[in-house]
Amino acid sequence: MMPNRRQTLCHAAGAATGLAFIGCGLVSSALAQAPQRRREVVVNGRRVRTVDVHAHCHVPEANALLGFKVQPQSLVISPERIKVMDEQGIDIEALSINPIFWYKAEPDVAGQVVKLQNEKLVEICAAQPDRFVGLASVALQHPDLAAEQLEYAVKQLGLRGALIGGSVNGEELSDPKFHPFWAKAEQLGALIFIHPQGTAELSASGRLKGNGVLDNVIGNPLETTIALSHLIFEGTLDTYPGLKICAAHAGGYLPSYAARSDQGCVTFPQRCTNALKKKPTEYLRQLYYDSMVFAPEGLRHLIAEVGASQIVLGTDYPFPWTKTAVDHILSTPGLSDDERVEILGGTAEKLLAIKPV
Ligand SMILES: [Zn+2]
């Protein structure tokens, strides 16, 4: 069952004091029969409000408009999600919807899908404002429309930014056709979460077929790597230096092999005609990344390349990549307490305009 707000608060109090629920008179008998432990994350005695920037959902009515099934069903918000968040120590999820199924839609239908999804996100967040914030959907294949949708979503609906794909029907995010969207995102100060939708071109070639889920395991981080590289090398980040971009899956492969991006133009200067304001790797330090690298050494290296201030907690829920995203932050060596607190939630609170407790 879904605890109401009063029960949730009661929960938290019980967990904080280490007391069982029997001492709390506000808990309903039904809940008392099936107590659900909410993990409270603490860093050196400090309770930390954790924020997961990478959590997905679907709105079935919107999928139906384009004939797409919701798969898996756990993408539909249900009480189970809160239970899992409680178990894993996730206090707030920033909900988002992957756009692959509406990026080919004409403006009318794309507009309907986006409207339905954004309004439903608002409802979900309003029902549990202490657990969810929303990242809007936009129809980026129609850049002017997407800019309007983003403005409406942020200013009128209270959504905190948007999720976009790593490319749009084969076109790069750095293409000047998308400049109206980037200009609006910068003007609004809205967080733009770049999430890959696979690499359709490679999948079509067959090179990612076979054992190992390579279309996802390799295809997704590769798309993010390509997307960020174009935003850097085509000068998009120079044109819109105030953008707040967060890259899914820790920025793909780019931060793992960052220095090669600097060496390309040194080695082949005749192929670099677009003068950048900074070294390519310096742009990596102005982007944000979720923490989805799974291994402490991966996170240590990511932080060495981009800075601890650029990392935010991510789970990819409900896709079961990890149940230990919080422990991943807690156990990575070399971080100060303050850095852990910021990665677990502090930085995301600022990016998503979540009010302090
Ligand atoms: Zn995801």
Answer residue from the range 103-119, given it is buried (at least 24 other Cβ atoms within 10 Å of the Cβ) and either touching a residue at least 40 places away in the same chain (Cβ under 8 Å) or touching a strand residue (DSSP E or B) at 6+ places or on another chain (Cβ under 9 Å) (or both) and is nearest to HIS58 (Cα to Cα) among those: GLN117
field: Hits in the range 282-297 - residues which are assigned to a helix (DSSP H, G or I) and open to solvent by 30 Å² or more (accessible area, probe 1.4 Å)
entry: GLU282, PRO296, GLU297
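In the range 246-267, how many residues are under 19 Å from the mean Cα position of the chain (by Cα) and surrounded by fewer than 20 Cβ atoms within 10 Å (Cβ to Cβ)?
Here the count works out to 1.
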task: Within the range 188-233, track down each residue that is part of a loop (DSSP other than H, G, I, E, B), among the β-branched types (Val, Ile, Thr) and surrounded by 19 or more Cβ atoms within 10 Å (Cβ to Cβ).
output: THR199
task: Specify the residue that is nearest to CYS125 (Cα to Cα); the eligible residues are those in the range 152-166 that are in contact with a His (Cβ under 9 Å, 6 or more places away or on another chain) and either crowded, with 23+ Cβ neighbours inside 10 Å or of a type in the set (A, V, I, L, M, F, W, C) (or both).
output: LEU163
- prompt: Does GLN286 count as away from the ligand (no atom under 16 Å from the Cβ) and within 25 Å of the chain's Cα centre (by Cα)?
  reply: yes
- prompt: Which condition breaks for VAL84 when tested against (1) open to solvent by less than 10 Å² (accessible area, probe 1.4 Å); (2) in a helix (DSSP H, G or I); (3) within 16 Å of the ligand (Cβ to nearest atom)?
  reply: (1)
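The values are calculated or read from the model by the stated rules, or taken from the named source; none is laboratory data. Here the structure is a predicted model, which means the values were calculated and not measured. In this analysis, Cβ positions are derived from the backbone assuming ideal geometry, glycine residues included, and neighbour counts consider all displayed protein chains. These accessible areas exclude ligands, DNA and RNA; they are computed on the full protein's heavy atoms, side chains included. Shrake-Rupley method; radii C 1.70, N 1.55, O 1.52, S 1.80 Å.
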